[in-house]
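Note sheet for the following structure.
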Amino acid sequence: MKFLIPLSLATALIIPTVTLAETAPKNDATVPETLGFVEWVVMNDTGLRLKARLDTGAKTSSLHAVNVEGFEQDGQKWVKFQIPLADHKDHPVDDESNIDQEEIILELERPVERTVLIKRKGAPSQRRYVVMMDFCIAGTSHETQFSLTDRGNFSYPVLLGRRFMRDDNILIDSADSFIAKKECEYMSLEELVEKQQAKIVKADETT
């Protein structure tokens, strides 16, 4: 038995090294924030906490998603996708909780910003949907584009790329992780189910 949560949106160096993803504009007086190469993020509209790798080698950020399906709504292109918590088990679990992460799947719908064609070595090219997503990292909220792809075989369900780092003036300490000075609030598993109006479905209905 699984919980399906539907959501929709209307509209090797010894010395630590610090990498700047892309040079910020000269007139930007904001002091860059330094983050580790891995940090916790919380998807704002779900309260879901996930590990994110900050990667200067990627321009666009990406988010783990399965069963990705495009559709039209009011003449606009939208995409529906699912995030199974069992694939990474990053969200904290209360010892007294009666809910298992393996029983929870988040289902989201977003307007399509664009699509990208990814060329893969030794494999066919893959077209991915790109959507805008709000998220919290180091205690502050951000918005950036995420391509939707199955990251189930990767250690981190979220990858944050240069576009986010450039736009939000972020420095990366490539020798350390989880160094953010502030944390983001997230929901308990019970809140994910209760506040997001989860419904129980059969296992074969989620595939």
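The values are calculated or read from the model by the stated rules, or taken from the named source; none is laboratory data. Predicted, not measured: the structure shown is a model, and the values here were computed from it. Every residue, glycine as well, gets a Cβ built from its backbone with ideal geometry; the counts of neighbours run over all protein chains shown.
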### Query
Of the residues that sit in the stretch 132-155 and are assigned to a loop (DSSP other than H, G, I, E, B) and crowded, with 19+ Cβ neighbours inside 10 Å, which one is nearest to the chain's Cα centre (by Cα)?
151
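Has the stretch 88-95 got at least one residue that is modelled with pLDDT under 85 and surrounded by 13 or more Cβ atoms within 10 Å (Cβ to Cβ)? Explain how you work it out, then say what you get.
Kept after step one, since they are modelled with pLDDT under 85, are these residues of the stretch 88-95: 93-95.
Right, trim to surrounded by 13 or more Cβ atoms within 10 Å (Cβ to Cβ) and you get 93.
Yes: the stretch 88-95 contains one or more residues that are modelled with pLDDT under 85 and surrounded by 13 or more Cβ atoms within 10 Å (Cβ to Cβ).
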### Query
Considering only strands (runs of 3 or more DSSP E) fully contained in the stretch 30-125, which possess at least 2 residues that are closer than 27 Å to residue 170 by Cβ and out of contact with any Leu (no Cβ under 9 Å at 6 or more places or on another chain)?
48-54, 114-120
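State yes or no: is residue 113 under 14 Å from residue 4 (Cβ atoms) and of a type outside the set (A, V, I, L, M, F, W, C)? Show your work before the answer.
Numbers: under 14 Å from residue 4 (Cβ atoms): no; of a type outside the set (A, V, I, L, M, F, W, C): yes.
The answer is no for residue 113.
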### Message
So the check is Cβ under 9 Å with 6+ separation or different chains; which pairs have a first residue in the stretch 40-58 that's under 13 Å from residue 88 (Cα atoms) and a second one that's acidic (Asp, Glu) and part of a strand (DSSP E or B)?
### Response
51/39; 52/39
### Query
Are any residues in the stretch 45-92 farther than 16 Å from residue 4 by Cβ and hydroxyl-bearing (Ser, Thr, Tyr), and if so, which ones?
56, 60, 61, 62
### Query
Could we say that residue 100 is farther than 13 Å from residue 150 by Cα, within 17 Å of the chain's Cα centre (by Cα) and surrounded by fewer than 20 Cβ atoms within 10 Å (Cβ to Cβ) here?
no
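For (1) within 22 Å of residue 155 (Cα to Cα); (2) buried (at least 17 other Cβ atoms within 10 Å of the Cβ); (3) modelled with pLDDT of 95 or more; (4) small (Gly, Ala, Ser), each residue gets a yes or a no:
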site	(1), (2), (3), (4)
9	no, no, no, no
29	no, no, no, yes
46	yes, yes, no, no
60	yes, yes, no, no
71	no, no, yes, no
## Note on the structure
When residue 172 is run through (1) closer than 20 Å to residue 46 by Cα; (2) surrounded by 18 or more Cβ atoms within 10 Å (Cβ to Cβ); (3) hydrophobic (A, V, I, L, M, F, W, C), the failure sits at (1)
### Message
Return the pair list, or none, for Cβ contacts closer than 6 Å from residues in the stretch 118-140 that are of a type in the set (S, T, N, Q) to residues that are part of a loop (DSSP other than H, G, I, E, B), at least 6 apart or on different chains.
### Response
none
